[in-house]
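Notes follow once the structure below has been shown.
The values are calculated or read from the model by the stated rules, or taken from the named source; none is laboratory data. The model shown is predicted, which means the values in this text are computed figures rather than measured ones. For neighbour counting, all protein chains shown are included, and Cβ atoms are generated from backbone atoms with ideal geometry for every residue, glycine included.
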Amino acid sequence: MAALADEEGMHLDVASGGELHVALAAGVGPARLVLHGNNKSEGELRSARAAGVGRIVVDSHDELDRLERLHAEDGRVPAVLLRVTPGVEAHTHEFVRTGQDDSKFGFTLSTGVADAAVERARASAAVDLVGLHMHIGSQVFVARFFAAAVEAIAPFVAASGLPELSVGGGVGVAYVAGEEAPTISEWAAAVRSACADAGITARVTAEPGRAVVAGAAITLYTVGTVKDLAGIRTYVSVDGGMSDNPRPVLYGSGYETFLPRAPTAERPRTVTVVGKHCESGDVLVRDAAVPADLAVGDLLATPVTGAYGHSMGSNYNKVPRPPVVFVSGGDARLVVRRETHDDLLRFDL
Ligand SMILES: Cc1ncc(COP(=O)(O)O)c(C=O)c1O
């Protein structure tokens, strides 16, 4: 995925030393990487500085302390943005809402903490402060929240005189029928006009993630058990579940389903698609519309699983993770192999 994004000319956010390692191993030029995180370790900062990442998005005074210690060791001066919490509550699930004052991320704008951070970073020999950053949350549908965040931060951007502003990511995607999401271009146009209206002259960058990749993937399962509870519901059990897609359990997220053998078939039957894990909460699709003839052995697909699926996967119940296959123009290419039972023992000593 990192190599693909790079080939497409995008820059990449990395949110941990592990993601940094993967991006560098994929051949992504370090200057095209942006390091994020509310608790970057000294080791992670050391690796990012040594690699020469394009930007470090500084999240706290403790992080500035660490950067100053590292500067004393080797004299490197990374280009940084400061992450500001603009005090805007985006209408999305609280677990992925990040722009409000009550957040573990960033320097708070409303209390003056962000002012003090800019002052400190400007005066510090350990960093080259080139701009500001904000990210109000993920799966945000309403352009007005982005505009509100831009408006909230605009006077601060102007007062700082800094040449860069990252508006983060978070543009929502449609998962289920009836949801309507803006395209990236529509979102970008809304953000650009909000910036223009707010008089922002800094170079504006953005970090859409989900909107780039979510729709690019589908997950395929095999139906193993169908339990019909007359008058209650029908459970359709598949050979995966919360280990390959924890989003429904974490956020109550919805998905659609279809049968690849009959993708355009009518879907008059309502069932609950569940995984194979040892929890009743292991639900993938609560009210799935499926064809009337769905049967054991069918392949069942959930679309729009390209974001926060594979990357959030686990081996809960020692269920091996599925492979990842890239498909283009009728060709299929295995890019992450299926895990084996032996893989589950790989780290045990
Ligand atoms: C700082 C930052 N930027 C961008 C993103 C991407 O968000 P999304 O995938 O919702 O576009 C995230 C997601 O967590 C983030 O934390």
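Considering only segment 23-89, give the strands (runs of 3 or more DSSP E) lying wholly within it that have at least 3 residues that are crowded, with 17+ Cβ neighbours inside 10 Å and among the β-branched types (Val, Ile, Thr). Give the steps one after another, and end with the answer.
Numbers: elements: 33-35, 55-58, 79-85.
Output list reads 55-58, 79-85.
Among residues belonging to segment 118-140 that are assigned to a helix (DSSP H, G or I) and out of contact with any helix residue (DSSP H, G or I) (no Cβ under 7 Å at 6 or more places or on another chain), point out the one that is surrounded by the most Cβ atoms within 10 Å (Cβ to Cβ).
We begin by selecting, within segment 118-140, every residue assigned to a helix (DSSP H, G or I); these are 118-123.
If we keep only those that are out of contact with any helix residue (DSSP H, G or I) (no Cβ under 7 Å at 6 or more places or on another chain) too, we end up with 119, 122-123.
Details: Glu119: 12, Arg122: 14, Ala123: 9.
Among them, the one singled out is Arg122.
State all residues of segment 144-156 that are more than 14 Å from the ligand (Cβ to nearest atom), surrounded by fewer than 24 Cβ atoms within 10 Å (Cβ to Cβ) and free of Cβ contacts under 8 Å to residues at least 60 places away in the same chain; if no residue qualifies, say none. Show your work before the answer.
Taking segment 144-156 as the starting set, the residues that turn out to be more than 14 Å from the ligand (Cβ to nearest atom) are 144, 147-148, 150-156.
Keeping just the survivors that are surrounded by fewer than 24 Cβ atoms within 10 Å (Cβ to Cβ) gives 144, 147-148, 151-152, 154-156.
Across segment 144-156, the qualifying residues are Arg144, Ala147, Glu151, Ala154, Pro155.
Kindly indicate which of Ser280, Ser314 is within 21 Å of the chain's Cα centre (by Cα), loosely packed, with under 13 Cβ neighbours inside 10 Å and in a loop (DSSP other than H, G, I, E, B).
Values: Ser280 fails: within 21 Å of the chain's Cα centre (by Cα).
Matching residue, one of Ser280, Ser314: Ser314.
State yes or no: is Thr98 within 14 Å of the ligand (Cβ to nearest atom), hydroxyl-bearing (Ser, Thr, Tyr) and either under 17 Å from Ser166 (Cβ atoms) or in the same structural domain as Phe145 (by TED's automatic domain parsing) (or both)?
Working: within 14 Å of the ligand (Cβ to nearest atom): yes; hydroxyl-bearing (Ser, Thr, Tyr): yes; either under 17 Å from Ser166 (Cβ atoms) or in the same structural domain as Phe145 (by TED's automatic domain parsing) (or both): yes.
Yes.
Using beta carbons and a limit of 7 Å, which pairs, at least six apart or on different chains, have the first residue in segment 124-140 and within 7 Å of the ligand (Cβ to nearest atom) and the second one basic (Lys, Arg) and modelled with pLDDT of 95 or more?
What qualifies is Ser138/Arg210; Gln139/Arg210.
Within segment 209-230, is even one residue under 29 Å from Ala332 (Cα atoms), aromatic (Phe, Trp, Tyr) and away from the ligand (no atom under 16 Å from the Cβ)? Even if it seems obvious, please write down each step before you answer.
Applying the first criterion (under 29 Å from Ala332 (Cα atoms)) to segment 209-230 yields 209-225.
Add one more test, that the residue is aromatic (Phe, Trp, Tyr), and what stays is 221.
Now drop any that are not away from the ligand (no atom under 16 Å from the Cβ), which leaves 221.
Yes, there is a match, as at least one residue in segment 209-230 is under 29 Å from Ala332 (Cα atoms), aromatic (Phe, Trp, Tyr) and away from the ligand (no atom under 16 Å from the Cβ).
Determine which member of the set Ala288, Ala206, Ala181 is more than 16 Å from the ligand (Cβ to nearest atom) and buried (at least 18 other Cβ atoms within 10 Å of the Cβ).
On the way: Ala206 fails: more than 16 Å from the ligand (Cβ to nearest atom); Ala181 fails: more than 16 Å from the ligand (Cβ to nearest atom).
So the residue among Ala288, Ala206, Ala181 that is more than 16 Å from the ligand (Cβ to nearest atom) and buried (at least 18 other Cβ atoms within 10 Å of the Cβ) is Ala288.
For a quick check of your reading of the model, give me the residue pairs whose first member lies in segment 326-347 and is over 11 Å from Asn315 (Cβ atoms), whose second is exposed (fewer than 10 other Cβ atoms within 10 Å of the Cβ) and among the basic types (Lys, Arg), with beta-carbon atoms closer than 9 Å and at least 6 apart or on different chains.
Phe326/Arg333; Val327/Arg333
Before we move on, is Ala301 touching a residue at least 60 places away in the same chain (Cβ under 8 Å) and in a strand (DSSP E or B)? Before you say what the answer is, go through the steps one by one.
Working: touching a residue at least 60 places away in the same chain (Cβ under 8 Å): yes; in a strand (DSSP E or B): yes.
Yes: the conditions hold for Ala301.
Rundown of residues vs (1) under 17 Å from the mean Cα position of the chain (by Cα); (2) among the polar types (S, T, N, Q); (3) under 20 Å from Ala301 (Cα atoms); (4) assigned by TED's automatic domain parsing to the domain that holds Val171, yes/no style:
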{"residue": "Arg192", "(1), (2), (3), (4)": "no, no, no, yes"}
{"residue": "Ile200", "(1), (2), (3), (4)": "no, no, no, yes"}
{"residue": "Val204", "(1), (2), (3), (4)": "no, no, no, yes"}
{"residue": "Tyr221", "(1), (2), (3), (4)": "no, no, yes, no"}
{"residue": "Leu229", "(1), (2), (3), (4)": "no, no, no, no"}
{"residue": "Asp239", "(1), (2), (3), (4)": "no, no, yes, no"}
{"residue": "Asp244", "(1), (2), (3), (4)": "yes, no, yes, no"}
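Does Gly106 fit the bill of being at positive phi and surrounded by 22 or more Cβ atoms within 10 Å (Cβ to Cβ)? So that I can check it myself, show each step before the final result.
On the way: at positive phi: yes; surrounded by 22 or more Cβ atoms within 10 Å (Cβ to Cβ): yes.
In short, yes.
I'd like to know if segment 68-75 contains one or more residues that are under 25 Å from the mean Cα position of the chain (by Cα), away from the ligand (no atom under 16 Å from the Cβ) and not assigned by TED's automatic domain parsing to the domain that holds Gly252.
No; the residues of segment 68-75 include none that is under 25 Å from the mean Cα position of the chain (by Cα), away from the ligand (no atom under 16 Å from the Cβ) and not assigned by TED's automatic domain parsing to the domain that holds Gly252.
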